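Participant: Below is a structure I'd like to ask you about.
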């Protein structure tokens with residue numbers, strides 16, 4: 001099956017679009033990346049998105065318009081990688097609001113706009129089935145981590161450093177129902193938010209970790225940040241922009257602005273390094289291989305900082321044939337395939353849901369033929 005996966009993370013650096021060949025094999029999959037691109041979010045649309053994040057007030061009419069326009073942008077991203085043999089599109093959408101503890105979530109990006117642009121069945125809204133069952137709706141990618149990255153004899157950790165840092169502990173031979181996974185805290189989100197604020201929009205992120213590598217962390221401020229109760233919570237737990245985005249940076253803005261710029265960025269970078277390291281120390285085998293994906297895989301300050309404190313190997317998912325930037329888009333393509341097979345892909349021990357659930361909503365286009373293709377592929381795999 002050829003599919004397109006679409007993803008836009010909390011960093012809002014663009015819409016990731018990947019075209020993949022999915023080959024079911026027993027309980028797992030082999031995945032081949034055929035095309036990948038990141039379509040930047042146009043400045044006016046990005047400004048509208050940032051302006052409506054909680055706790056901002058938002059009218060229903062403005063939300064409707066934003067849902068439609070983000071859907072149009074996702075449709076354009078899909079067209080950038082689509083080919084005639086694509087069977088379906090899986091879109092995570094853009095998370096506008098998420099409260100795992102209260103069991104509700106909102107991803108925007110109208111799937112019918114994507115269907116209109118591409119003429120393909122679109123699977124979307126992957127988190128709501130889990131939250132409806134009393135789960136946090138996140139993280140969902142650990143299911144795919146187990147299918148793609150587990151090793152028969154080696155302990156591994158799949159670490160995604162997007163806006164938020166989330167990890168999956170994969171003990172040797174781990175199946176999806178045997179993984180431990182959770183959001184351990186911030187990754188790039190506070191760094192990006194602060195860099196954009198302090199440079200008045202001239203720079204939106206710390207490219208390659210260059211600012212952080214020139215600075216020194218302020219240990220007093222860092223200690224205050226590390227006292228955040230989220231870090232001491234035990235999993236299952238999930239977090240997002242509401243906890244570690246603009247309101248979080250605003251809380252520490254005066255203290256950060258009192259530091260030289262490089263030191264402020266280094267302090268926020270060190271926050272990610274130490275909270276990730278603490279989570280791994282508490283929940284992962286000491287010698288586990290850490291496989292990094294997401295935008296943070298390009299931040300040398302983050303990678304070097306993790307290598308300095310973790311006893312096991314730290315490398316990017318590129319070493320395993322998975323583009324670090326494309327990994328989450330690939331994951332949602334696979335989750336979409338599981339939706340079509342009507343196989344539960346939510347992990348209740350990870351999200352806290354009452355039980356495993358089939359994820360995703362379907363905007364159909366030639367669905368009967370698509371399901372027939374899926375069943376034929378299942379038969380070949382038996």
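Participant: Checking residue 202 against (1) over 30 Å from residue 372 (Cα atoms); (2) part of a loop (DSSP other than H, G, I, E, B); (3) assigned by TED's automatic domain parsing to the domain that holds residue 374, only one condition comes out false. Which one?
Facilitator: Answer for residue 202: the failing condition is (3).
Participant: Ok, one more. Residues that are surrounded by fewer than 22 Cβ atoms within 10 Å (Cβ to Cβ) and without any contact (Cβ under 8 Å) to a residue 12 or more places away in the chain: find the helices (runs of 4 or more DSSP H) completely inside the range 227-295 holding 1 or more of those. Can you show your working first?
Facilitator: On the way: elements: 229-232, 241-244, 246-257, 261-283.
The qualifying helices (runs of 4 or more DSSP H) are 229-232, 246-257, 261-283.
Participant: I'd like to know if the range 184-193 contains one or more residues that are assigned by TED's automatic domain parsing to the domain that holds residue 265, within 25 Å of residue 8 (Cβ to Cβ) and in a loop (DSSP other than H, G, I, E, B). Before you say what the answer is, go through the steps one by one.
Facilitator: Taking the range 184-193 as the starting set, the residues that turn out to be assigned by TED's automatic domain parsing to the domain that holds residue 265 are 184-193.
When the remaining residues are screened for being within 25 Å of residue 8 (Cβ to Cβ), the result is 184-193.
With the extra rule that they be in a loop (DSSP other than H, G, I, E, B), the set shrinks to 187-188.
Yes: the range 184-193 contains one or more residues that are assigned by TED's automatic domain parsing to the domain that holds residue 265, within 25 Å of residue 8 (Cβ to Cβ) and in a loop (DSSP other than H, G, I, E, B).
Participant: Could you tell me whether residue 47 is more than 22 Å from the chain's Cα centre (by Cα) and modelled with pLDDT under 95?
Facilitator: Taking the combined requirement at face value, the residue does not satisfy it.
Participant: Test of understanding: among 196, 219, 200, which residue is out of contact with any helix residue (DSSP H, G or I) (no Cβ under 7 Å at 6 or more places or on another chain), under 25 Å from residue 108 (Cβ atoms) and without any contact (Cβ under 8 Å) to a residue 60 or more places away in the chain?
Facilitator: Details: 219 fails: under 25 Å from residue 108 (Cβ atoms); 200 fails: under 25 Å from residue 108 (Cβ atoms).
After applying the criteria, what remains is 196.
Participant: May I ask you to list the residues in the range 367-382 that are surrounded by fewer than 14 Cβ atoms within 10 Å (Cβ to Cβ) and at pLDDT 95 or above?
Facilitator: As a first pass, look at the range 367-382 and keep what is surrounded by fewer than 14 Cβ atoms within 10 Å (Cβ to Cβ): 367-369, 372, 375-376, 378-382.
367, 368, 369, 372, listed by residue number.
Participant: So which helices (runs of 4 or more DSSP H) stay within the range 309-382 end to end and still have 3 or more residues that are on the phi > 0 side of the Ramachandran plot?
Facilitator: Values: elements: 327-340, 348-351, 367-381.
Because the criterion is at least 3 residues that are on the phi > 0 side of the Ramachandran plot, no helices (runs of 4 or more DSSP H) in the range 309-382 meet it.
Participant: Name the single residue, out of those in the range 15-30 being within 10 Å of residue 1 (Cα to Cα) and modelled with pLDDT under 95, that is surrounded by the fewest Cβ atoms within 10 Å (Cβ to Cβ). It would help to see each step written out before you state the result.
Facilitator: Filtering the range 15-30 down to residues within 10 Å of residue 1 (Cα to Cα) leaves 20-24.
Of the ones still in play, those that are also modelled with pLDDT under 95 are 23-24.
Numbers: 23: 14, 24: 19.
Once the filter is applied, the top-ranked residue is 23.
The values are calculated or read from the model by the stated rules, or taken from the named source; none is laboratory data. These numbers were taken from a predicted model, which means no experiment stands behind them. Quick reminder, even Gly has a Cβ in these numbers, built from the backbone with ideal geometry, and neighbours come from all protein chains shown.
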